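Each remark here refers to the structure printed beneath this line.
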Amino acid sequence: MNKILLQQCQSIIDPTLPPISNISNLLAVIFYTYDINWVGIYDYTDKHSSLTLGPFQGKVACTRIPYGHGVVGTCAKEKHVLCVDDVHTFTGHIACDSNTNSELVIPLIHDDQLLGVLDLDSLHLSYFSKEIQSTMERVAVYFTDELSRCKHV
Ligand code: SME
């Protein structure tokens with residue numbers, strides 16, 4: 001567990017700010033902590049049966065991912081963490097950046113409802129260790145709280 005990162009995330013959140021401000025800063029902390037080329041949120045609203053691009057750090061990305069498609073849509077459908085060591089072996093993987101080699105996607109669930117997913121990409125194969133995964137699962141709670149604030153205003 002990366003305790004320093006968790007402390008940074010905790011201290012960066014200001015409940016008096018709009019959720020988008022907190023989400024943006026959380027993403028920046030993550031982006032500059034790990035050797036990743038992309039980190040961001042895909043938002044889920046079941047009206048459209050797809051996930052749409054939210055705040056992120058990294059290159060321009062796919063804006064709409066159908067529920068059940070790609071690593072992101074599969075994570076949304078199965079509602080559990082997907083850690084893919086080599087994205088080229090994942091059937092249906094959506095390559096926003098063809099240089100990406102591994103990916104970690106965490107569902108953001110509040111009151112049994114999927115609000116979105118947290119997506120991280122790395123240029124390295126098998127980058128996302130169990131340690132990174134468990135740290136990100138803890139950080140995901142902050143994103144879930146902020147997303148839930150977004151959706152209940
Ligand atoms: N690779 C993802 C698409 C999102 S990008 O990685 C930012 C997927 O297969 O769903």
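Nothing in this text is a laboratory measurement; each read-out follows from the coordinates by a stated rule. Just so it is clear, the model here is predicted, and its values are computed rather than measured. FYI the Cβ positions are ideal-geometry reconstructions off the backbone, even for glycines, and counts take in every protein chain you see.
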Which distance in nm do the two modelled labels at residue 85 and residue 67 give, with both placed 7 Å along the Cα-to-Cβ direction? 3.2
Using a Gaussian network model of the chain whose springs link C-alpha atoms within less than 10 Å, name the residue from 50, 102, 134 with the highest mean-square fluctuation. 134
Between residue 134 and residue 151, what length in nm is gained on full extension when 0.36 nm per residue of separation is reduced by their alpha carbon distance? 3.5 nm
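Based solely on its DSSP helices, what 222 nm [θ] is calculated for the chain when runs of n ≥ 4 H residues each add -39,500 (n - 2.57) and the sum is averaged over all residues, nearest 500 deg cm²/dmol?
Values: 4 runs with 54 residues, N = 153.
Calculated at 222 nm, the ellipticity per residue is -11500 deg cm²/dmol.
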Step through the residues of region 96-103 one at a time and calculate ³J(HN,Hα) from phi using the Karplus curve (6.51 cos²θ - 1.76 cosθ + 1.60, θ = phi - 60°), rounding each to whole Hz and writing x for Gly and Pro. 6, 10, 5, 7, 5, 10, 9, 8
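If one computes P(r) from the Cα atoms of the chain, what percent of pairs lie at distances over 24 Å? List each step's numbers first, then the result.
Values: 2889 of 11628 pairs.
I get 25 percent for the Cα pairs in the chain exceeding 24 Å.
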Sequence-separation-based contact order of region 51-117, relative, with Cα cut under 8 Å and 6+ spacing, percent: 28
Mind ordering 85-96, 62-73 by average Cβ neighbours within 10 Å, highest first? 62-73, 85-96
Modelled label-to-label distance, residue 14 and residue 28, 7 Å Cα→beta-carbon offset: nm? 1.1
Counting only other residues whose beta carbon sits under 15 Å from that of residue 53, what net charge do I get with K and R as +1, D and E as -1? -2
How high is the relative contact order of region 3-151, in percent, with contacts defined as C-alpha pairs under 8 Å that are six or more residues apart? 23
What helices does the chain have that are whole DSSP H segments, at least 15 Å long along their own axis by Cα, and with mean Kyte-Doolittle hydropathy of 0.0 or more? 19-31
